[in-house]
Structures are given as C-alpha cells and as structure tokens.
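Since the structure comes first, as structure tokens, the remarks are kept for the end.
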Amino acid sequence: QVQLVESGGGLVQPGGSLRLSCAVSGTGTIFSIITMGWYRGKQRELVADITSDGSTNYADSVKGRFIISRDNAKNTVYLQMNSLKPEDTAVYYCNVRGRFTTAPSLMIYWGQGTQVTVSS
C-alpha cells in the first residue's frame, strides 16, 4: 500500500526556517505520481505543489519564502520554509496524487501531518 511519512516539523521563532520532508513508499512500479504537495490547517489549504516535470505552484502568502522540491529517485517531496511568520503556524499535510498503471482512476493520499509552530 502507498504510505506517506512526514518529518521536519517543530517549534521555531519568527524569521527562522524549517525543512519538511515527505517520503512516499509502496508505489512500486505500478503507480505513477502526478503531483506532490503540501497543505495546511483544518481546511487543508494549498501551500505549494509540484508536478513530476518540476512545475511549481505556491500560495500567495508563502511565495518568496517557501520552496518546494522533489527527489523523484527517492519519492520524496520537501518544503523549505524560510522567514517564518506566526501565521504560518499549522499542521502541514503532505499530499500525493497519481494513478496505478492498471487503472485509470486518480488516487489521492495524505500524510499524517506534522506540526509547525512559529512563536517567540
């Protein structure tokens, strides 16, 4: 089965940095990842996402401060968060969207969430 394991959250002061990681396993050779991304909060609002070809998309509130990247060989997506603000405080969720080669349905998977707290 597909599993997403997040890490990197924690407590940081305003202006500080954190790097989140999300490792995806269980995809084998029959699952094709289309998009990987990070969402936050109860509403799971988009923070950033990245496609398999490297195209990125950011929420306006984090543009210029956060950088999303992925290592396709390791099936891992990262979120480098710089110049953190108190309003960035939230649970951050990793998201993966893709398809099994044996079926046309779009599959969506979520990580367990990792807490990011920005406070002085």
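Overview of values
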read-out	value
In the range 68-101, residue nearest to ALA23 (Cα to Cα) [restricted to those that are touching a Gly at 6+ places or on another chain (Cβ under 8 Å) and among the polar types (S, T, N, Q)]	ASN95
Test: residue in the range 20-35 that is part of a loop (DSSP other than H, G, I, E, B) and small (Gly, Ala, Ser)	yes
Selection from the range 68-120 of residues that are small (Gly, Ala, Ser) and closer than 17 Å to GLY10 by Cβ	SER83, ALA90, GLY111, GLY113, SER119, SER120
Enumeration of residues in the range 19-30 that are open to solvent by 20 Å² or more (accessible area, probe 1.4 Å) and either aromatic (Phe, Trp, Tyr) or in contact with an Asp or Glu (Cβ under 9 Å, 6 or more places away or on another chain) (or both)	SER21, ALA23
All positions within the range 1-19 that are at pLDDT 95 or above and not in a strand (DSSP E or B)	GLY8, GLY9, GLN13, PRO14, GLY15, GLY16, SER17
Residues of the range 88-102 satisfying the condition of being under 11 Å from PHE31 (Cβ atoms) and open to solvent by less than 40 Å² (accessible area, probe 1.4 Å)	VAL96, GLY98
Hey, LYS85 free of Cβ contacts under 8 Å to residues at least 60 places away in the same chain and open to solvent by 80 Å² or more (accessible area, probe 1.4 Å) or not	no
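Residue by residue, here is whether (1) open to solvent by 40 Å² or more (accessible area, probe 1.4 Å); (2) of a type in the set (S, T, N, Q) holds:
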| site | (1), (2) |
| --- | --- |
| ILE33 | no, no |
| ARG40 | no, no |
| LEU46 | yes, no |
| ILE50 | no, no |
| SER55 | yes, yes |
| ALA59 | no, no |
| LYS63 | yes, no |
| PHE66 | no, no |
| SER69 | yes, yes |
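The values are calculated or read from the model by the stated rules, or taken from the named source; none is laboratory data. This one's a predicted model, so the numbers in the text were calculated from it and none came from an experiment. Cβ sites come from the backbone with ideal geometry, for glycine too, and all protein chains shown count toward neighbours. Note: accessible area is taken over every heavy atom of the protein model, side chains too, but ligands, DNA and RNA are not part of it. Shrake-Rupley method; radii C 1.70, N 1.55, O 1.52, S 1.80 Å.
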